[in-house]
Amino acid sequence: MAGSVKVKVCKDAGDVAVQAAQMIAKAIKANPRIVLGLATGSTPEGTYAELAKLNKAKQAPFAGVTTFNLDEYWGLDGDHDQSYRHFMNTRLFDKVDVRPWNTHVLDGTADNPMLECQAFETKILAVGGVDLWLLGIGGNGHVAFNEPGSSVDSRTRLVSLTQETIDANSDGRFFKKASDVPRCALSAGIGTIREARSILLLATGEKKARAVADAVDGPFTPDCPASLLQDHPNCTFIVDKAAASLLGKK
Ligand code: GLP
């Protein structure tokens, strides 16, 4: 099964951001009413900055775009400075002409997590599905908050975070210490993500090299959730040289 993911290797993280933003801008031009799936984390920040520039230059109009985000920390209100709603507002939504009511981020304070997750899936279906889902990848191969062990047909649900993911998100970039990081999150499932018509996964830096190699060259296994994208008909990884350094070495 390995080998059907297309991999584009760029010279550095800046180039990954430019390439990814250009691909998204092209997709928006081709379909101004596109449904985009979006990701958080450090990796897509450069892409969002590039998209904001392209939007200003009228090369990536967001007025007709609908967005869905992968995940949200359980227990964090959208106003919390570490919530993914806040991340998206400050990194992208406030900088482009997207209509706020067309942006969907799971509510980490919903009364009933199961209903919140079902409503999220229903909204995706109601708009005809996601056209392009932008993803990052965790050092352990997680996508969204689908940690190792997540099944290929998992749906949006309340999940527990691994210690590795908690530590990775409390290294000073986001939370200051591990005890500040929520232990759970609402996350789109692997099955939810796989239904997108196209997938664009970004990875930069040597910390992601093992996960990228496992995802692309390794077995199709829940042990590396990103490997469960291998049989997707339209999945591209855009990675920098450091993240690509272990590719082809299995
Ligand atoms: C978090 C997010 C993922 C993201 C991952 C990697 O766990 N839930 O969607 O891909 O971190 O983040 P970063 O890009 O900061 O390395």
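Yes/no per residue for (1) more than 16 Å from the ligand (Cβ to nearest atom); (2) under 22 Å from Ile124 (Cβ atoms); (3) modelled with pLDDT of 95 or more:
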site: Ala25; (1), (2), (3): yes, no, yes
site: Asn31; (1), (2), (3): yes, yes, yes
site: Asp71; (1), (2), (3): no, yes, yes
site: His80; (1), (2), (3): no, no, yes
site: Val98; (1), (2), (3): yes, yes, yes
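May I ask you to list the residues in the stretch 181-212 that are more than 28 Å from Ala119 (Cα to Cα) and among the charged types (D, E, K, R)? Glu206, Lys207, Lys208, Arg210, listed by residue number. Restricting the stretch 217-250 to residues that are touching a Leu at 6+ places or on another chain (Cβ under 6 Å) and open to solvent by less than 10 Å² (accessible area, probe 1.4 Å), the residue that is farthest from Ser198 (Cα to Cα) is Ile238. Here the condition is being open to solvent by less than 40 Å² (accessible area, probe 1.4 Å) and either small (Gly, Ala, Ser) or more than 7 Å from the ligand (Cβ to nearest atom) (or both); of Gly172, Gly141, Gly149, it holds for Gly141 alone. Looking only at residues of the stretch 175-196 that are surrounded by fewer than 16 Cβ atoms within 10 Å (Cβ to Cβ) and charged (D, E, K, R), we find that the one that is nearest to the ligand (Cβ to nearest atom) is Arg183.
The residue pairs whose first member lies in the stretch 16-28 and is over 16 Å from Thr43 (Cβ atoms) and touching a residue at least 60 places away in the same chain (Cβ under 8 Å), whose second member is among the hydroxyl-bearing types (Ser, Thr, Tyr) and open to solvent by less than 10 Å² (accessible area, probe 1.4 Å), and whose beta carbons are closer than 9 Å, counting only pairs six or more residues apart or on different chains, do not exist in this structure.
The values are calculated or read from the model by the stated rules, or taken from the named source; none is laboratory data. The shown structure was predicted, so the numbers you read here are calculated from the model rather than taken from an experiment. Cβ coordinates were reconstructed from backbone atoms using ideal geometry, including for glycine residues, and neighbour counts include every protein chain displayed. Protein only, heavy atoms only, side chains kept; ligands, DNA and RNA dropped before computing areas. Shrake-Rupley method; radii C 1.70, N 1.55, O 1.52, S 1.80 Å.
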